[in-house]
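**Q** What follows is a single structure, and I will ask about it in a moment.
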Amino acid sequence: MRRQLWGPALVLALVTSAASPASAGAAEEREPRPLRELYDNRAVSEDDRPGAADFDGQGRSLPAAALRAAGWRVGARPTVEGTRLDWPVSRPGRPDNVRADGQRVAVEGRGDALTFLVAGTGGEATGTGSVHYRDGGHSRYRLTAPDWRTGPLATKAVALPYLNTREGGVKDRPRLYVVTVPLDARRTVESVRLPHVRGFGRALHVFDLRVRPATEGWTGSWSASTAGLPEVGPWRDQTLRLVVHPTKAGPTVRVRLSNTFAGAPVRVGSATVAVRAKDAEPRSEPVPLAFGGRRGAVLPAGAEAVSDPLDFAVEEGADLLVSLHLPGSVPSVPLHDKAVQKSYLSTPGDHAADSDGAAYTGTVGTWPLLTGVDVSGGPGSVVVLGDSITEGVRTTEGANRRWTDALARRLRAQDRVPRYGVLNQGISANRVLSDRYPGDGVSADTGGVSALNRLNRDLLAQTSAQTVVLFEGINDVRWGAGADEVVDGLRQLASRARARGVRAVVTTLAPCEGESRCTAAVDAERTSVNRALRADRHSFDAVLDFDRVLRDPDRPARMLPAYDSGDHLHPGEAGLQALADAVDLGELTGRPRAGG
């Protein structure tokens, strides 16, 4: 039996049909109502009145004070995984969520996914519901809400340090989840029927429900995965000037910031963008970014912010400087650790608008908070989900010689296929199956949560993702995973991508003989993974044989010396260029095959 490896917050299936409302029975004819009119449960209480709410039927509830401290205040509108949600406008101790039991909810809009803010009580809660479209058809979805106390921290939207009982506060980690289900983006949603949940004592609680708008009209030009939440500084009233290298030009720009994994909000006092001249010096005066018309933004714990569109030309081959003033004290921050790029940290004060680099006396080798740069127009993006080989470890700092950079240059120089942006979602030490970073709390480990647990955020919520390249698995086998487990995990990733209309391309695993963990037994598992991937004609839309590109023909377990960076695990710049050159660009385009 194939081992189940999907994350608990994952939508398990989508089955579309062309049924009309008349064929769905009399229950389908009831008028849908706004979610707030259906609230039938009290989840949130004040610390001095803990008995005013009973979320789970046992007198326990979410503390309003802890939610406020995390930035999830009454009426807050946190953006998570590309959807702007509404935290219920309800006083603590009043109804603030719906226990799903087949209610029909008024939800309208067009987009690529339906986003739920949910939690289960009494255990993981699963059920099947339906989406009703304006054209009279409907589709079914299966939704799983992890338990609010025992669900995986790696996939939570926000977690709190304690919960309330009738007797008072108790140390725990109550959590809420954002779960998305795919939609037919060509059709307009009219309403959603919530699932009926099976299981004695189990309930699926819905706090909000929204259509996630499609990112049409934008192309992802640069990205970085949030890989952990380490201690920094602390930074106090300082400005970050982050250097990024876009892969796609465009006349309009926006940036994406993320407070993933955090337990407290972070405030960005001001932000600017500029074309880089050298070091921290811009070519011309930085241009202010706005967030909802404001010069700064407050990112609640676990949430993100997208800047307003800005008329600003992103040029091919030119670096950008994205400057973020952090007016408060920042002792820890979500970041991408191994940027292979020097960025800058200022002396105290707001230096985001500085037209020189004099104030930027410090340096950082990470990308804190900044997770994306998008440009207007374009055909969309190719997202590469990978580990340190994709991240560019052991390449020259600031030279942009990752294999994804070389692939982007190839795409720009041709007109045979769309000139996609290329989004590098590589994380050093990352694995397909298991988390390196636990997904919650301050930690020195920045190996990220597993590919299975980060796929929703790092692929499905990325801007206009058309194709994903899955280049992971070597760390799994190096640390004891079996070939069958790794292949099954890669198949699950591909299936989830294809269910969203994203083309799924997988690569074989590169040779690594000579590296300390790449024993003969590990190589046997690696070889078995590659054999299975090459033979699989159904799970993936294409297979890129990176093993054959890099291996020594006379000794296939090891990398060709000319391609080896010297540690026998990571290709050097010649090897990375060879990977990019070997990609058949035609494999990156087209719709996923049926049955994926």
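The values are calculated or read from the model by the stated rules, or taken from the named source; none is laboratory data. Keep in mind the model is a prediction, meaning the values are calculated, not measured. No Cβ is skipped: glycine too gets one built from the backbone with ideal geometry, and neighbour counts run over all protein chains shown. These accessible areas exclude ligands, DNA and RNA; they are computed on the full protein's heavy atoms, side chains included. Shrake-Rupley method; radii C 1.70, N 1.55, O 1.52, S 1.80 Å.
**Q** If we sort 321-330, 514-523, 557-566 on the protection proxy, mean other Cβ atoms within 10 Å, highest first, what's the order?
**A** 321-330, 557-566, 514-523
**Q** In debye, nearest 20, what is the charge dipole magnitude of the chain about its Cα centre with +1 on Lys and Arg Cβ and -1 on Asp and Glu Cβ, if you could check?
**A** Details: 75 positive and 71 negative charges, 259 e Å.
The dipole magnitude comes to about 1240 debye.
**Q** Suppose a student asked you for the relative contact order of region 418-532, using Cα pairs under 8 Å spaced at least 6 residues apart; what percent would you report? Before the final figure, lay out each step's value.
**A** Values: 145 pairs, mean separation 27.6, N = 115.
After rounding, I find 24 percent.
**Q** First select every other residue whose beta carbon is under 13 angstrom from the beta carbon of LYS278; then total the charges, Lys and Arg +1, Asp and Glu -1. Write out the running numbers ahead of the final one.
**A** Working: positive: ARG241, ARG276, ARG283, LYS342; negative: ASP279, GLU281, ASP319, ASP356.
Computed value for this residue: 0.
**Q** Please work out the Cα center distance from region 373-449 to region 51-102, rounded to the nearest Å.
**A** Region 373-449 and region 51-102 have Cα centres spaced 35 Å from each other.
**Q** Find how many whole Å separate the alpha carbon centroid of region 143-214 from the alpha carbon centroid of region 530-596.
**A** Going from one Cα centre to the other spans 38 Å.
**Q** Considering the values (1) 26.6, 90; (2) 24.0, 82; (3) 23.8, 73, which represents Rg and Dmax of the Cα atoms in Å as calculated for the structure under consideration?
**A** (3)
**Q** For the chain, which whole percent of the accessible surface, found with a 1.4 angstrom probe, sits on carbon and sulfur atoms?
**A** Working: 10590 of 22580 Å².
On the chain, the fraction of accessible area on carbon and sulfur atoms equals 47 percent.
**Q** Also, I was wondering about something else. What's the local net charge at GLY168, with K and R +1, D and E -1, over the other residues with C-beta under 10 Å away? Before the final figure, lay out each step's value.
**A** On the way: positive: ARG166; negative: ASP47, ASP48, GLU167.
Combined, the nearby Lys, Arg, Asp and Glu give -2.
**Q** Okay, moving on. How about region 268-361: which GluC sites (Glu not before Pro) there are in a DSSP loop, with at most 13 other Cβ atoms within 10 Å of their Cβ? Could you put the intermediate results ahead of the total?
**A** On the way: sites: GLU304, GLU315, GLU316; in loops: GLU315, GLU316.
Sites meeting the loop and neighbour criteria: GLU315, GLU316.
**Q** With the contact rule set at Cα under 8 Å and sequence spacing of 6 or more, what percent relative contact order holds for region 125-240?
**A** Values: 140 pairs, mean separation 33.7, N = 116.
It rounds to 29 percent for region 125-240.
**Q** Please report the spacing between the Cα centers of region 243-319 and region 225-241 in Å, no decimals.
**A** The distance from the Cα centre of region 243-319 to that of region 225-241 comes to 16 Å.
**Q** Do the sum for the chain: with -39,500 (n - 2.57) for every DSSP H run of n ≥ 4, divided by all residues, what is the mean residue ellipticity at 222 nm, to the nearest 500 deg cm²/dmol? Mind dumping the intermediate values first?
**A** Details: 9 runs with 78 residues, N = 596.
Taken over the chain, the calculation gives -3500 deg cm²/dmol.
**Q** I've got another one for you. Which aspartates and glutamates, if any, have their Cα less than 19 Å from the Cα of LYS248, not counting same-chain residues under 8 positions apart?
**A** Partners found: GLU216, ASP308, ASP311, GLU315, GLU316, ASP319, ASP374, GLU391, ASP405, ASP415, ASP458, ASP581.
**Q** Quote the relative contact order of the chain in percent (integer), defining contacts as alpha-carbon pairs under 8 Å separated by 6+ residues.
**A** Numbers: 1683 pairs, mean separation 78.6, N = 596.
Worked out over the chain, it gives 13 percent.
**Q** On C-alpha positions alone, give me the angle between the axis of helix 403-412 and the longest principal axis of the chain, in degrees, nearest 10.
**A** Computed tilt is about 90 degrees.
**Q** Okay, next question. Taking the mean number of other Cβ atoms within 10 Å as a proxy for protection, how do you rank 339-349, 204-214 from highest to lowest? Don't jump to the answer; show the numbers that get you there.
**A** Working: 339-349: 18.6, 204-214: 22.5.
Packing order, densest peptide first, comes out as 204-214, 339-349.
**Q** Just how large is the dipole of region 132-218 about the Cα centre, in debye to the nearest 20, putting +1 at every Lys and Arg Cβ and -1 at every Asp and Glu Cβ? Don't jump to the answer; show the numbers that get you there.
**A** Numbers: 16 positive and 8 negative charges, 46 e Å.
The calculation lands at about 220 debye.
**Q** Using +1 on the beta carbon of Lys and Arg, -1 on that of Asp and Glu, and nothing else charged, what's the dipole of region 261-332 about the Cα centre, debye to 20?
**A** Values: 6 positive and 9 negative charges, 72 e Å.
Dipole magnitude for region 261-332 comes out near 340 debye.
**Q** Which peptide among 291-298, 192-199 comes first, and what is the full order, when sorted by highest mean count of other Cβ atoms within 10 Å? Spell out each step's value before the answer.
**A** Details: 291-298: 15.5, 192-199: 19.8.
Per-residue mean Cβ counts within 10 Å order the peptides as 192-199, 291-298.
**Q** Taking the Cβ of GLY220 as the centre, find all other residues whose Cβ is under 11 Å away and add up their charges (Lys, Arg: +1; Asp, Glu: -1). Mind dumping the intermediate values first?
**A** Working: positive: LYS248, ARG254, ARG256; negative: ASP374.
The answer is +2.
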